[in-house]
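None of the figures in this text is laboratory data; all of them are computed from the coordinates on show. The structure presented is a predicted model; accordingly, all values stated were derived computationally and were not measured. Virtual Cβ from ideal backbone geometry, glycine too; neighbours counted across all protein chains shown.
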Amino acid sequence: MSKKIHGFYDSVLESFDKAAVHTGLPKGLLEQIKLCNAVYRINFPVKIGNKIEVVEAYRVQHSNHRNPTKGGIRYSSHVNQEEVMALATLMTYKCAIVDVPFGGAKGGVKINPWKYSEDELERITRRYTVELIKKNFIGPGRDVPAPDYGTGSREMAWILDTYQTFANGELDSAGCVTGKPVNQNGIRGRTEATGRGVYYGIKEFFEHKDLVSAIGLEPGIAGKTMVIQGLGNVGSYTGSISQHEGDVKVISVSEREGAIYKEDGIDIEKLLKVRKSTGSILNYPGAKKLKTREEALELKCDILVPAALENQIHVGNAKNIKAKVIAEAANGPVTSRAEKILLKKGVVILPDMYLNAGGVTVSYFEWLKNLSHMRFGRMEKRFDHNTYLNLVGITERLTGKSVNDKEKAFLTRGADEIDLVRSGLEETMISSFQQIKEVYKRKRKITDLRTAAFVTAINKISNDYNSLGVFP
Ligand code: NAD
């Protein structure tokens with residue numbers, strides 16, 4: 001008999017069980033918080049060229065303790081039921097950690113998105129959306145997808161358009177999906193949100209002297225070295241924002257085509273341009289090409305950012321990892337077995353369900369914007385500007401001194417949508433980290449941040465169940 005491979009979903013369940021013992025909650029309630037509520041598996045035909053291709057796809061709703069459910073849609077040839085179940089499960093805990101009032105869900109379409117033309121991808125996306133509509137697996141109050149690996153705002157626009165074709169004038173239909181282009185009911189700051197959230201999360205960790213000195217580093221993110229796996233949406237924004245706002249030095253980047261290393265730093269925006277124009281990161285001037293892309297994961301650095309797919313750090317390479325901090329930008333990049341090895345070595349893991357929750361946080365803002373039918377900041381921007389202008393005027397009059405035009409413009413600016421989104425995201429990442437740390441410090445038997453994050457999430461969800469009185 002063949003031995004079952006210990007996969008991503010097993011890792012998530014194992015981490016859940018490890019945390020559940022610290023909650024003291026009854027077994028039945030823990031089962032309900034752990035298991036997936038609904039799994040929808042579809043096979044649908046799409047015309048590709050002059051052939052029919054049958055596409056395998058999923059939508060999993062992990063928990064309806066809060067509605068709608070929420071989670072991205074992944075396009076990848078590795079998609080399978082257990083992967084989507086694992087991702088949907090993480091979404092529930094992620095939403096709880098950042099106080100976003102949704103249950104978790106996830107979608108997956110088993111295709112290699114880089115193999116299809118734009119037209120073909122559009123046909124696949126629209127047909128998948130129709131399948132979700134048919135079974136009530138999409139809707140602003142029901143289940144709200146978003147981008148994930150292999151999808152972006154373009155796919156979300158197709159989903160919105162398809163949904164609205166069937167929505168028959170439903171007032172809030174724009175809230176059926178998030179991560180849409182800004183000019184199609186999206187929100188400013190959504191595209192960068194996950195990477196920006198990753199940056200805020202890492203930055204917050206480095207503010208905590210007790211945690212940072214335990215791994216032999218100085219507090220503060222500035223000057224820390226970073227290695228990034230995957231230069232897609234999450235990896236590229238994490239890198240460029242960490243560079244520009246945190247003064248971090250990115251010394252290595254890996255992509256499907258290979259990995260590069262440059263001791264004095266790689267400029268991420270320049271690297272993106274090089275990849276776009278030449279098709280490969282390996283053409284970045286002055287960088288050393290590593291023998292394999294996996295080698296990048298084992299480089300000496302302060303912060304390793306896996307931002308591609310799950311199971312990248314496993315029992316086979318965990319012992320070779322030299323990073324002090326693993327910042328899980330991707331979902332499930334470290335297997336539960338690798339984690340045991342890493343924790344023994346003293347590596348800090350900033351867990352996915354907290355660290356990459358910036359995407360769902362800003363998706364929540366987008367959904368609220370769609371339901372309110374109004375841009376954030378529209379009501380107060382001018383009022384705030386006038387109030388600050390008056391304050392500056394009074395100060396000038398009372399002191400007899402005046403500020404110059406540049407200073408005045410800076411002091412009197414009312415907040416735009418992007419300012420509010422970023423400030424809401426930063427606040428969320430800081431306060432969520434503090435909640436997790438509080439559990440970590442309070443419960444002496446909890447020795448890692450992932451377990452503390454799970455306990456934080458499970459307790460919040462259990463409170464929701466209790467206040468809803470859902471059990472007859
Ligand atoms: P993406 O498709 O934009 O980018 C992923 C990149 O990783 C691609 O450029 C791909 O070529 C690269 N890649 C794949 N295998 C690789 C390997 N072995 N080595 C190096 N590079 C490799 O996807 P994304 O949206 O950035 O998602 C990345 C991860 O972040 C996924 O785990 C996803 O679930 C998670 N995530 C994404 C979001 C979001 O808002 N997009 C939110 C939360 C979590």
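Structural remarks
- Think of it as helices only: each DSSP H run of n ≥ 4 in the chain is worth -39500 (n - 2.57), and spread over all residues that comes to -14500 deg cm²/dmol at 222 nm.
- Cα centroid separation, the stretch 341-379 to the stretch 106-149 (Å): 22
- For the chain, a simple Cβ point-charge model (Lys and Arg +1, Asp and Glu -1, everything else neutral) yields a dipole of about 720 debye relative to the Cα centre.
- Members of LYS324/LYS445; LYS70/LYS134; LYS115/LYS289; LYS288/LYS344 lying beyond 20 Å, as alpha-carbon distances in this model show: LYS324/LYS445; LYS115/LYS289; LYS288/LYS344
- Protection proxy ranking of 326-339, 445-458, by the mean of other Cβ atoms within 10 Å over each peptide's residues and highest first, is 326-339, 445-458.
- Computed from the Kirkwood radius of its Cα pairs, the Stokes-Einstein diffusion coefficient for the stretch 38-184 at 4 °C and 1.567 mPa s stands at 86 µm²/s.
- Inter-label distance, TYR388 to VAL315: 5.7 nm, where each label sits 7 Å from its Cα along the C-beta direction.
- Multiplying the residue separation of MET379 and THR165 by 0.36 nm and subtracting their alpha-carbon distance yields 73.9 nm.
- Compared with the alpha-carbon gap, the fully stretched path from GLU53 to LEU272 is longer by 75.5 nm at 0.36 nm per residue.
- Length gained when the stretch GLN81-GLU245 is fully extended (0.36 nm per residue, less Cα-Cα span): 55.2 nm
- Each residue, ILE430 and VAL403, gets one label point 7 Å from its Cα in the Cβ direction; the gap between the two is 2.0 nm.
- Rounded to the nearest 20, the Cβ-based charge dipole of the stretch 38-184 about its Cα centre (Lys and Arg +1, Asp and Glu -1) stands at 240 debye.
- With 10 Å bins from 0: P(r) over the chain, alpha-carbon pairs, percent: 4, 19, 29, 27, 15, 5, 1, 0, 0
- In order along the stretch 212-229, phi translates into HN-Hα couplings of 6, 5, 5, 9, x, 10, 7, x, x, 7, 4, x, 6, 9, 9, 10, 10, 9 Hz, rounded to whole numbers, per the Karplus curve 6.51 cos²θ - 1.76 cosθ + 1.60 with θ = phi - 60° and x for Gly and Pro.
- Rel. contact order, % - alpha carbon contacts under 8 angstrom, at least six apart, the stretch 38-184: 24
- Considering only beta bridges that DSSP places wholly inside the chain, some 50 percent are antiparallel.
- Between the stretch 1-66 and the stretch 229-275, the C-alpha centres lie 32 angstrom from each other.
- Looking at the stretch 164-202, none of the trypsin sites (Lys or Arg not before Pro) sits in a DSSP loop with at most 13 other Cβ atoms within 10 Å of its own Cβ.
- Pairwise FRET efficiency - GLU438 versus LEU13, Cβ, R0 = 30 Å, nearest 0.05: 0.75
- Summary value for the chain: 15 percent relative contact order, contacts being C-alpha pairs under 8 angstrom separated by 6+ residues.
- The residue among ALA327, LEU420, GLY179 whose Cα reaches farthest toward the positive pole of the charge dipole of the chain, with charges on the beta-carbon of Lys, Arg, Asp and Glu, is ALA327.
- Candidate aspartates and glutamates - alpha carbon under 18 Å from LYS291, same-chain residues fewer than 8 apart omitted: GLU255, GLU257, GLU263
- Packing, as the average of other Cβ atoms within 10 Å across residues, places the peptides 242-249, 116-123 in the order 242-249, 116-123, highest first.
- Calculated FRET value between ARG337 and VAL21, using beta carbons and R₀ = 22 Å, to 0.05: 0.70
- Binned Cα-Cα distances of the stretch 14-68, short to long, each 10 Å bin given as a whole percent: 19, 30, 23, 15, 10, 3
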